[in-house]
Amino acid sequence: MGIESTGGSLRLLFSQWQGGGNKPVYVMGSQLLNWLAPESSMPVETVPVDLSANGLEVQAGIFARETVLTQARAARGILNRRRPDRLAILGGDCSVDFAPFAYLNERFRDDIAFIWLDAHPDLVVPDGIHPNFHAMILSALLGYGDPEFLDEVPVKISPNRVLFAGLRAETEFKTALETEHGFTIEVVTVDQIRQSSTPVLDWLAQSGCHHVAIHFDLDVLDTTQFCSTAGPEPGGLFAEEIVRLLTDISNRFNVVGLGITEYMPREALLLAEMLRTLPIIGEPQGTGGSEPPTCRSFNDLLTEARPD
């Protein structure tokens, strides 16, 4: 038995940043996504996110492990209370999809397929070398990784119900996990999608699933058009190709989940710091010509927001 839904849609705002390492700029990215998104009649819930960077460290191979785990449980608590049948998730680093996709897989069981629209496979397991959970989200959803995170996935996703679309980097992690556990996750390339949505639509039809959840990591976009992500990779898809693909999917299948993640607005971060320190606009109210706030080094800001 799956989860009994109360029906309806839900927009989930999840500004998690710790899953992508010590990069609080993800919070700004999530807030901008929410501001840019069109108004909707669907209810909105905000997952509480700890904004303090104090004391964060790698624990059991995962950066800020306890914080990320706590926030995943908070997200699941909201979903268990709301029990929606459709979800839009605005992140945050891409591990914000962990709890929502676990919920959707439990809700629809064998009748949901997952499109992983991403430049990276997100199939790392805790190894002491790559500690950020946003690189581990899919492996955890499949049932591989940290035991406490796996406990948050009551029904593991089957690899044959996942399709990579636009994958073009860090494929060695995909190969390693597939080889170790004896499965293969299919890939539809950028060139194939550029020609047509048909390979993705055919795969979905062959899956036999009526419902689809889409993990949309913005680093799948081509860097000549959009590069404000944590892991920009050349040779990606263009916005019009993404829109065409997702429209084609929604015209034939029931899209029940869409997570939009990994927006890292470096230019906005720099501009916000400039505005904070400029004369008049950056002066504290009533101080006239007093000393402006100390400006952090722009190089430091870029380092904070640099890709992994």
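Just so it is clear, none of the values below were taken in a lab; they were calculated from the coordinates. Source: prediction; values computed, not measured. Glycine also receives a Cβ, built like all others from the backbone with ideal geometry; neighbour counts cover every protein chain displayed.
Structural remarks
- Cβ-based exposure ranking for Asp110, Asp50, in which fewest neighbours within 10 Å come first: Asp110, Asp50
- Euclidean distance between Cα centres, the stretch 197-254 to the stretch 45-107, Å: 23 Å
- Taking GluC sites (Glu not before Pro) as exposed when DSSP calls them loop and at most 14 other C-beta atoms lie within 10 angstrom, the chain has its longest site-free stretch at 58-308.
- Taking Cα atoms only, the orientation of helix 239-252 departs from the longest principal axis of the chain by about 40 degrees.
- Degrees, to the nearest 10: 98-108 long Cα axis against longest axis of the chain: 30 degrees
- Scalar couplings 3J(HN,Hα) for the stretch 167-178, obtained by applying the Karplus form with A = 6.51, B = -1.76, C = 1.60 to θ = phi - 60°, are 4, 7, 9, 6, 5, 5, 6, 4, 4, 4, 5, 4 Hz; x denotes Gly and Pro.
- Rounded to the nearest 5, the antiparallel percentage of DSSP beta bridges internal to the chain is 10%.
- Calculated mean projected area of the Cα convex hull in nm² (choose from (i) 17.2; (ii) 18.4; (iii) 14.7), label: (i)
- Along the chain, the longest continuous region that contains none of the trypsin sites (Lys or Arg not before Pro) in a DSSP loop with at most 15 other C-beta atoms within 10 Å is 1-155.
- Estimated distance in nm for a label pair at Val58 and Asp151, the labels positioned 7 Å out from Cα along Cα-to-Cβ: 2.4 nm
- Beyond 20 Å, the tail of the calculated P(r) for the stretch 69-135 holds 35 percent of the Cα pairs.
- The calculated P(r) of the stretch 1-85, using every Cα pair and 5 Å bins from 0, goes 3, 13, 21, 19, 18, 13, 9, 4, 0 in percent.
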